[in-house]
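Just so it is clear, none of the values below were taken in a lab; they were calculated from the coordinates. Predicted model, so just to flag it, every value in this text is computed and none were measured. Here the Cβ is made from the backbone with ideal geometry for all residues, glycine too, and neighbour counts use every protein chain on show.
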Amino acid sequence: MRTMRVYLVGGAVRDRLLGLAVRERDWVVVGATPEELVRLGYQPVGREFPVFLHPATHEEYALAREERKVGPGYRGFTTQFAPTVTLEEDLRRRDLTINAMAEDENGTLIDPYGGRADLAARLLRHVSEAFVEDPVRILRVARLAARFADLGFRVADETLALMRRIVDAGEARTLVPERVWQETERALAAADPQVFFETLRACGALAVIFPEIDALFGVPQPPRWHPEIDAGVHVMLALKYAAAHGASGAVRFAVLTHDLGKAQTPRAEWPSHHGHEEFGVPLIEDLCDRLKVPNTHRELAILAARQHTLVHRALELRPATVLTLLEKSDAFRRTARFDELLLACEADARGRTGREDAPYPQAAYLRDALAAAAGVTLSESERRGLEGAEIGEEIRRRRLAAVTAVKTRATPTAGR
């Protein structure tokens, strides 16, 4: 007689064994039919295969299933589920061994593919050759590499080889933009987001999915400002700095894309990159259009691309230029976003070999200049005799005076 069994699976088991907080729990049901779960009060929600919400906890319960590749892309699968599908068969279709473990109702670990040993070895290793059938696994492995890099995890050589096979077969080109951005956004939130992009580059996927970023590698920069020389290496260092200092996802994306224009510089002009700020804007717009990146990320990224060099030079600028920078950045209305711009610029300045702890007084100076200029007001009596544009002109004149009063004599630092 058939008996229904329920198992905790996947990330919840992995994270518990790592001593991490379990964010969500997923369950697999073996030996049951959809009709039986419905009779028990479970609510069906799965479109492509049977997934149900528990009547009390509302956690997801999926019937054990097998998958077979029938076409290109991550949608090219047929799913087979039946009460006869075993737990081991269900776990075998998963991506990595550390995600292919389960626990029964007594908390007993079920580990048919060596996930616990790979946890101990800090290894991200595929379960089976079926790994190559789903191109989304490139993104997932890269994201997990970013999430667990601080714990010492790395991608197994043989798994990286399979990821290259997926790319070489053209499967990475079938990834839908929404899924690419979903995984990228989660990777950007990781402790080491730069590892996501480094892993994609190691398997050849970066050139397919993020060609604008891949193009930065091998592009030299002036050693005076960039001891690390390579523009791609610099962006990875800056992204690492932003993450280490708790930057938002929008700031991290701005840091990732702020130098895209450097890949447009003619080789004859290397290592200088005059005009790279504006050259990068259409590349950011194309990337955001392609991946359907949120407007908050797009706007900050374009702002950082256009203004980061001026922010670095803030202490050298005339007060009138500083005021124009504040105005073009919409700093008076969007102070929080201006703070994000300054953090992105600080990450750019410190994301350089040996410059991680270099002073960055530009940020404090610009915040002080903004506060002083924003504090300017005109009383009713001062407005008398002024009309329309004259009021705005007088406010701007006083703001300029306020910025001039704030200007320091500090020695300019940071680079371009």
Query raised in the report: With axes computed from alpha carbons, what is the tilt in degrees of helix 361-374 against the longest principal axis of the chain, rounded to the nearest 10 within 0 to 90?
Result: 70 degrees
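In what sequence, highest mean first, do 14-24, 92-102, 182-192 appear when ranked by Cβ atoms within 10 angstrom?
The peptides rank, most packed first, as 92-102, 182-192, 14-24.
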Query raised in the report: With axes computed from alpha carbons, what is the tilt in degrees of helix 295-312 against the longest principal axis of the chain, rounded to the nearest 10 within 0 to 90?
Result: 40 degrees
**Report entry** the chain, helix-only ellipticity at 222 nm - DSSP H runs n ≥ 4, -39,500 (n - 2.57), divided by all residues, nearest 500
**Finding:** -14500 deg cm²/dmol
Query raised in the report: Using alpha-carbon pairs under 8 Å, 6+ residues apart, how would you state the relative contact order of the chain in percent?
Result: 10 percent
Requested in this report: Please find the FRET efficiency linking Trp270 to Asp357, where r is the Cβ-Cβ separation and R0 is fixed at 30 Å, and quote it to the nearest 0.05.
Outcome: 0.60
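Enumerate lysine pairs in the chain that are 8 or more residues apart or on different chains, then count those whose Cα atoms are under 24 Å apart.
Values: Lys240/Lys262; Lys240/Lys292; Lys262/Lys292; Lys262/Lys328; Lys328/Lys407.
Value for the chain: 5.
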**Report entry** Sites Ala120 and Arg383, calculated FRET efficiency, Cβ-Cβ separation with R0 60 Å, nearest 0.05
**Finding:** 0.25
Query raised in the report: Using alpha carbons only, how many degrees (0 to 90, rounded to 10) separate the axis of helix 276-291 from the longest principal axis of the chain?
Result: 30 degrees
Requested in this report: Report relative contact order for segment 1-118 in percent, whole number only (criteria: Cα-Cα under 8 Å, sequence separation at least 6).
Outcome: 25 percent
Report summary line: With R₀ set to 56 angstrom, the calculated FRET efficiency between the beta-carbons of Leu151 and Glu36, to the nearest 0.05, is 0.90
**Report entry** Gained length - His58 relative to Arg396, 0.36 nm times residue gap less alpha-carbon distance
**Finding:** 116.0 nm
Query raised in the report: In nm, what is the difference between 0.36 nm times the number of residues separating Ile229 and Arg92 and their Cα-Cα distance?
Result: 44.9 nm
